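Each reported figure results from applying straightforward, stated rules to the coordinates on display, with no laboratory input. All figures in this text were calculated on a predicted structure; none of them were measured in a lab. Here the Cβ positions follow ideal geometry from the backbone for every residue, glycine too, while neighbour counts run over all protein chains shown.
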Ligand code: ADP
Ligand code: MG
């Protein structure tokens, strides 16, 4: 198990992370979310042992993860880290990059592993391609496969699908996260994309103001978003009389106390997101049809629609 206790860290003077504590089980998928600059990447780097903590401790099972003050070489065998900026070897092929750290004394095993990982990241057709000719998204996939090559016990992923186009993203996410679950590899993934979290993460931590704002399952946080920051991660929402109401919880009805004037309808595929005015405040709701700009409609809150 990963155990982080009272971790505090600053690059210069002000703390980036203050008194952060959490745990992750073997095989758990834990998402770290938070606004840009909230310290997600810093936290992953600390878990990897890239910097020395100001206070607190990080343990993986019995081993304490320590920074450069204690280790000549940064990192540990059991942990792999895929940075936001991946560094690959540009002049060798995809296959060679993935197999780089696998023993050449077992050529059959090395070949088998490499092929398996090419399939996980959906790059089988690019095995013989030189990395320098790949797109950003393809490089990101090579970096993922390379990190998985030596079967780490824990993997740290920093915005792992950020460079990958939408055509590939969905199936790649499923493939990678399924692989990690099957192999019981603990996965800590920093992201601002809810698609990386929903359906995959067992728990999620929200970083805010240098601290952990909440640590709970995505289901619990979605159903009971205690703050606007948490709600905003899941989608469009409103604050009505002090309550957080998602756009999909507002329904158009014949008559109600909530009379709004439509400003704009946005096509969203199987529904329209509608922006409207409620006595000077903006509200967002979902509707299966487009509504004329300027039209008045009545809304009601469906709390059971969570
Ligand atoms: P996130 O990944 O959530 O966007 P980061 O961990 O990259 O956030 O950054 C957290 C804070 O630490 C930011 O204020 C950022 O400017 C600062 N920071 C990040 N890296 C460094 C560094 N190498 N030196 C000094 N400050 C840094
Ligand atoms: Mg970052």
Check your understanding: Debye sum, Cα scatterers, the stretch 134-234, no solvent: what log₁₀ I/I(0) at q = 0.12 1/Å?
Key -> -0.43
Check your understanding: For the chain, what is the calculated [θ] at 222 nm in deg cm²/dmol (nearest 500), taking -39500 (n - 2.57) for each run of four or more DSSP H residues and dividing by its residue count?
Key -> -7000 deg cm²/dmol
Practice item. Mind sorting 1, 204 by how few other Cβ atoms lie within 10 Å of their own Cβ, fewest first? Key: 1, 204
Study note, to complete from the structure: The whole-number value in µm²/s of the Stokes-Einstein translational diffusion coefficient for the stretch 31-105, with Rh from the Kirkwood sum over alpha carbon pairs at 20 °C and 1.002 mPa s, is 146 µm²/s
Revision key, fill the gap. Gyration tensor (Cα only) of the chain to equivalent ellipsoid, semi-axes in Å sorted down, yields 41, 25, 15
Review point. Just 141, 174, 104 to compare: in a GNM of the chain, with alpha carbon springs under 10 Å, which one fluctuates most?
Key: 104
**Study point:** Quotient of Cα Rg and 2.2 N^0.38 Å for the stretch 236-301, N being how many residues it contains
**Key:** 0.98
Exercise for review: On each of the three principal axes of the Cα atoms of the stretch 1-74, give max minus min coordinate, whole Å, ordered largest first.
Suggested key: 33, 31, 20
Practice item. Arrange 212, 12 by Cβ neighbour counts within 10 Å, fewest through most, would you? Key: 12, 212
Check your understanding: In the chain, what % of DSSP beta bridges are antiparallel (nearest 5)?
Key -> 70 percent
Exercise for review: Using only C-alpha atoms and all pairs of different ones, pull out the Kirkwood radius for the stretch 192-306 in Å with one decimal.
Suggested key: 15.3 Å
Check your understanding: Using Cα atoms only, what is the angle between the long axis of helix 107-120 and the major principal axis of the chain, expressed in degrees (0 to 90) to the nearest 10?
Key -> 10 degrees
Point to revise | Part-to-part distance (alpha-carbon centres) for the stretch 138-191 and the stretch 4-56, which is given in Å | key: 20 Å
